[in-house]
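Structure record follows, encoded as structure tokens.
The values are calculated or read from the model by the stated rules, or taken from the named source; none is laboratory data. All figures in this text were calculated on a predicted structure; none of them were measured in a lab. Note that each Cβ is placed from the backbone with ideal geometry, even for glycine, and that neighbours are counted across all protein chains shown. Ligands, DNA and RNA are excluded from the accessible area calculation, which covers all protein heavy atoms including side chains. Shrake-Rupley method; radii C 1.70, N 1.55, O 1.52, S 1.80 Å.
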Amino acid sequence: MTAFHNHRGQILFLAGLLAALAAGWCAFPVLRFERVPQPVEFSHKIHADKAGAKCEDCHSLREDGTFAGIPALDKCSGCHAQPMGTSAQEKRFIDAYVTPNREIPWQAYARQPENVYFSHAYHLKLAHLDCRQCHGAQGESDTLGPVRVERISGYSGSPHFQNMEACEDCHRQRGAANSCLACHK
Amino acid sequence: MGFTRRDLLTFTGGSAAGLLLTPVPWSLLRDTAVLSENWPGVPQPSHGEIRTRYTTCMLCPAGCGVRARCVGDRPVSLAGVPGHPASRGVLCPTGLVGHHLAFCRDRAAEPLANGKPVAIERALAAVSAAIAACGPRDSVAILDPRPGRAASLVYRRFLAGLPKAVHCAPSDSQPYGPFGIDLENTRAILSFGAPVLDGWLSPGRVLANRSHLQLIQVEPAYSRTASLADLWVPVLPGGQETFPAAVARALKGEDADASATEVARILLRNKPAIAIGGGAAVAKLNAVLASVGRPGGFLPRRDFTLATDIAAVPDGSIRVLLIEEAAGANPLPWDLLRRKLVPQNPVVVALTPWLDGCAQHADYVIPAPMYLESLDEAPTPAGSTVASFSLSPALLTAPPKLTQPAEFVLRLAHDSATYPEILKQRVAAIEKDRRGALFTYADGKSKRVRDIASAGDLWKAMLGGAVWLDDPLLSPRGADPLVCAGPPGPALPTPQYPLILIPADTPPQHGSPLMSKLYRESGLRRSANAATVHPETGRDHALTDGCRAVVKSPTGAFPVQVIFDPAVMPGVIEMAGQGLSPASIRRA
């Protein structure tokens, strides 16, 4: 008891320090983001295995080289006008989107600020990058994880996608343009 | 012993120190820094499919082909159309940012009567009543910035039904009359002050032919064209009248001064050559050069529509004046127009996208759509050797309460036709004549009009971006050389007007609100109403640097701010937007 009384101030300071460290490193990263689920369950794995789909079949480049991004409903409707399996998710998807011909409000995993310019075409056609180099094994995933949206700024920040530091590292390693104005305009 | 205040402070201190070792402060700092980017009300560029659409530039008479990159329905960048017969894939800096013009602050948004909002029907009724009340000596005039359009035909039809009316145009709207310049075969241009490399004709066409041209610039000022010419001949203001005669003498082998002899030698070595820049002396020089009606010179074309030069309209004769202002043009000096109006109760109607210019003096302002906001037409560009026609389809959504100038006149005439119908009639007439070829912007290919199945197909092709080019006239010889004199030359100073007014760089009257910080910054340092004089000239006229003054010339009076510049020739006033003319200046 005497020892506690003698070091009371140091112990309380240390307790505060540890509590803050725990909150800052464990709780804050979770609380910082709101987890927004995707409107439709989608399995890259099933589409790759059973339908033999490749990344570029759905996430294609247009004729002018721009990235078409997430495919429109037409792409899905081509196969899923009627249920192809027996899953409840597929039936829900068809009822909610395919039958009423309503576009799927996909949540973007990597919404960029308007001053950031990123061209998939440059990276695929000039730098010859593989999709996996930035997106990892996303193409083999069985489910779409929730989108993490920063509660304050409203931007998405998903670990499935690259951040600016990763861009800079890769550009540095490859000797590509790495100035601010290369991407921020 | 309980938890004391000291304990709380110690714990808080530890927590604060600990937080500094976590991502919390840095993440919060970053997130709050970009927070405002997503606030409601912050404009966000539209997202959507990236598409290419085609139209024709209406900002000047050059009629350049435009390839617009659109995100969704909104154009985000403009570029030239490769292979376009007039523009050759080039757009000028103003044309490149033409899609910004719709966002300028000075645009007219609703009909105004004496500065107050009014319903378009009431404005129409008031203008109709004013026209009906015209006396036998009063005339109704429409000032048409670009005669030769389908809209001009609407104006002429309307005016033909009135007892006394005049279809007029600015003096410089038809600089070469019914002639075009065969720039592709010309080997030398002797220019008397024409801004050949600074917006003359279609910039792309001039640039495409620059490499095989000898350019001689005869001008008192070291203009941008003079600085880029093969030879600059500095002459005293007014020397443009005497120098052509000297060159003509030298061409005939007679005695002339050294400059004229050198110019004649270059012209003889680089035939065919033309002289441009205006005045009877230049027209006579073209006759000596045999440049009219020959390849490489001035060639006549078919579609010339004669309009009365506004300067030739008798003073005090117009009771009702309708002024159409083009989106990219500088307005005419108000004093010039005011002189043409009857002294008592004239009615001026401005059909304009802008609130400044003539709209400041108009009784009624009828807001016109801005460039790219409505379907319009591009007539034959100045200097083209063949007639041409293209449509300028809208790429932007026009705000409500705008009226096409031609639609306003159609309603005045109680004509049920619409402007697009008039344009369709024009296209149908082209298809019926079966002359010429259609150049399509998207594929860069030409197709004979006779190979197009119907007028509907031709209309559809033109809406997608295309220009019709007439066949050249088969026998161009025998044309009158005097009609291609161009704008008249300057008169010499008089006791009433002891100085010479010469044009200075003209900052764009209306530019992009975004590009104005980047484009020609030096052009922004002097405002449009700045008059630059030599300090000696200024002191002789009791002026001081920066003072307010009034410049008077035969075309009118202009309030100006005086700038002293020793680089300006004594006896000269340099002023933007003005042609060569004698002038006087006095302190305001």
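Which helices (runs of 4 or more DSSP H) sit wholly inside the stretch A:22-123 and have at least 1 residues that are over 30 Å from B:Pro23 (Cα atoms) and open to solvent by less than 90 Å² (accessible area, probe 1.4 Å)?
A:44-49, A:55-58, A:73-80, A:88-93
Across the stretch B:155-194, what is the number of residues that are farther than 30 Å from B:Ala130 by Cβ and either free of Cβ contacts under 8 Å to residues at least 60 places away in the same chain or among the small types (Gly, Ala, Ser) (or both)?
Going through the stretch B:155-194 one residue at a time, the tally reaches 7.
Looking at the structure I just gave you, is B:Asp144 open to solvent by 20 Å² or more (accessible area, probe 1.4 Å), touching a strand residue (DSSP E or B) at 6+ places or on another chain (Cβ under 6 Å) and in contact (Cβ under 8 Å) with a residue 24 or more places away in the chain?
Here the answer is no, as B:Asp144 does not meet what is asked.
Condition test on B:His541, is it of a type outside the set (A, V, I, L, M), at pLDDT 85 or above, open to solvent by less than 60 Å² (accessible area, probe 1.4 Å) and not assigned by TED's automatic domain parsing to the domain that holds B:Asp356?
Against the criterion (of a type outside the set (A, V, I, L, M), at pLDDT 85 or above, open to solvent by less than 60 Å² (accessible area, probe 1.4 Å) and not assigned by TED's automatic domain parsing to the domain that holds B:Asp356), B:His541 qualifies.
Please give the number of the condition B:Pro23 fails out of (1) within 9 Å of another protein chain (Cβ to nearest Cβ); (2) surrounded by 13 or more Cβ atoms within 10 Å (Cβ to Cβ); (3) at pLDDT below 90.
Of everything listed in (1) within 9 Å of another protein chain (Cβ to nearest Cβ); (2) surrounded by 13 or more Cβ atoms within 10 Å (Cβ to Cβ); (3) at pLDDT below 90, B:Pro23 misses just condition (3).
For residues that are small (Gly, Ala, Ser), assigned to a helix (DSSP H, G or I) and surrounded by fewer than 24 Cβ atoms within 10 Å (Cβ to Cβ), tally how many sit in the stretch B:150-161.
3
Among the residues of the stretch B:249-305, which ones are farther than 30 Å from B:Gln174 by Cβ and outside any helix (DSSP H, G or I)?
B:Lys252, B:Gly253, B:Glu254, B:Asp255, B:Ala256, B:Asp257
Would you confirm whether or not the stretch A:58-69 contains a residue that is at pLDDT 85 or above and within 20 Å of the chain's Cα centre (by Cα)?
Yes, the stretch A:58-69 contains at least one residue that is at pLDDT 85 or above and within 20 Å of the chain's Cα centre (by Cα).
Could you give me the residue pairs with C-beta distances under 8 Å whose first residue belongs to the stretch B:30-45 and is within 23 Å of B:Asp73 (Cα to Cα) and at the interface with chain A (Cβ under 7 Å from one of its Cβ atoms), whose second residue is open to solvent by less than 80 Å² (accessible area, probe 1.4 Å) and outside any loop (DSSP other than H, G, I, E, B) wherever it lies, and which are 6+ apart or on separate chains?
From the stretch B:30-45, the pairs are B:Pro45/B:Val71; B:Pro45/B:Val76.
In the stretch B:192-216, what count of residues is obtained for those that are surrounded by fewer than 23 Cβ atoms within 10 Å (Cβ to Cβ) and in a strand (DSSP E or B)?
So the count comes out to 2.
If you scan the stretch B:395-420, which residues turn out to be closer than 16 Å to B:Arg122 by Cβ and open to solvent by 30 Å² or more (accessible area, probe 1.4 Å)?
B:Lys401, B:Arg411
Which count do you get for residues in the stretch B:96-124 that are closer than 20 Å to B:Thr352 by Cβ and assigned to a helix (DSSP H, G or I)?
The qualifying residues number 11.
Could you list all residues from the stretch B:134-181 that are over 22 Å from the mean Cα position of the chain (by Cα) and among the charged types (D, E, K, R)?
Once the filter is applied, which keeps residues that are over 22 Å from the mean Cα position of the chain (by Cα) and among the charged types (D, E, K, R), the stretch B:134-181 yields B:Arg137, B:Asp138, B:Arg156, B:Arg157, B:Lys164.
With respect to B:Pro147, is the statement that it is out of contact with any Lys or Arg (no Cβ under 8 Å at 6 or more places or on another chain), more than 30 Å from B:Arg265 (Cβ to Cβ) and either among the aliphatic types (A, V, I, L, M) or in a loop (DSSP other than H, G, I, E, B) (or both) true?
Here the answer is yes, as B:Pro147 does meet what is asked.
Return a yes/no flag: does the stretch B:225-240 have any residue that is in contact (Cβ under 8 Å) with a residue 40 or more places away in the chain, open to solvent by 20 Å² or more (accessible area, probe 1.4 Å) and not assigned by TED's automatic domain parsing to the domain that holds B:Pro582.
Yes, there is a match, as at least one residue in the stretch B:225-240 is in contact (Cβ under 8 Å) with a residue 40 or more places away in the chain, open to solvent by 20 Å² or more (accessible area, probe 1.4 Å) and not assigned by TED's automatic domain parsing to the domain that holds B:Pro582.
Which ones in the stretch B:1-10 are open to solvent by 70 Å² or more (accessible area, probe 1.4 Å) and in a helix (DSSP H, G or I)?
Within the stretch B:1-10, B:Arg5, B:Arg6, B:Leu8, B:Leu9 qualify.
Please go through the stretch A:127-185 and give me each residue that is within 12 Å of the chain's Cα centre (by Cα), of a type outside the set (S, T, N, Q) and within 14 Å of chain B (Cβ to nearest Cβ), ordered by number.
A:Arg148, A:Val149, A:Tyr155, A:Gly157
Mind checking which pairs have a first residue in the stretch A:21-37 that is at the interface with chain B (Cβ under 7 Å from one of its Cβ atoms) and among the small types (Gly, Ala, Ser) and a second that is assigned to a helix (DSSP H, G or I) and surrounded by 12 or more Cβ atoms within 10 Å (Cβ to Cβ), Cβ under 6 Å, 6 or more apart or different chains?
Short answer, once both residue conditions are applied: A:Gly24/B:Leu19; A:Gly24/B:Val24.
Considering each residue of the stretch A:124-137, count those that are in contact with a Leu (Cβ under 9 Å, 6 or more places away or on another chain) and either surrounded by 14 or more Cβ atoms within 10 Å (Cβ to Cβ) or over 22 Å from A:Arg62 (Cβ atoms) (or both), and give that number.
Count: 2.
Given the structure, is A:Phe4 hydrophobic (A, V, I, L, M, F, W, C), more than 7 Å from chain B (Cβ to nearest Cβ) and assigned to a loop (DSSP other than H, G, I, E, B)?
Spelling it out, it is not the case that A:Phe4 is hydrophobic (A, V, I, L, M, F, W, C), more than 7 Å from chain B (Cβ to nearest Cβ) and assigned to a loop (DSSP other than H, G, I, E, B).
Just to be sure, is B:Pro333 farther than 15 Å from B:Cys60 by Cβ, open to solvent by 10 Å² or more (accessible area, probe 1.4 Å) and touching a Ser or Thr at 6+ places or on another chain (Cβ under 8 Å)?
For B:Pro333, the condition - farther than 15 Å from B:Cys60 by Cβ, open to solvent by 10 Å² or more (accessible area, probe 1.4 Å) and touching a Ser or Thr at 6+ places or on another chain (Cβ under 8 Å) - is met.
So in the stretch B:341-378, with the set limited to residues that are in a loop (DSSP other than H, G, I, E, B) and of a type in the set (D, E, K, R), which one is farthest from B:Ala68 (Cα to Cα)?
B:Asp363
So, in the stretch B:46-65, of the ones that are within 10 Å of chain A (Cβ to nearest Cβ) and under 32 Å from the mean Cα position of the chain (by Cα), which residue ends up nearest to B:Arg149 (Cα to Cα)?
B:Thr52
Go through (1) modelled with pLDDT under 90; (2) within 18 Å of B:Met58 (Cβ to Cβ) one by one and return the number of the condition B:Thr385 breaks.
Here B:Thr385 meets the rest and fails (2).
Which residues, taken from the stretch B:437-457, are closer than 17 Å to B:Gly65 by Cα and open to solvent by less than 30 Å² (accessible area, probe 1.4 Å)?
Within the stretch B:437-457, B:Ala437, B:Leu438, B:Phe439, B:Tyr441 qualify.
Within the stretch A:38-58, can one find any residue that is within 13 Å of chain B (Cβ to nearest Cβ) and either farther than 23 Å from A:Tyr97 by Cβ or not polar (S, T, N, Q) (or both)?
No, every residue in the stretch A:38-58 fails to be within 13 Å of chain B (Cβ to nearest Cβ) and either farther than 23 Å from A:Tyr97 by Cβ or not polar (S, T, N, Q) (or both).
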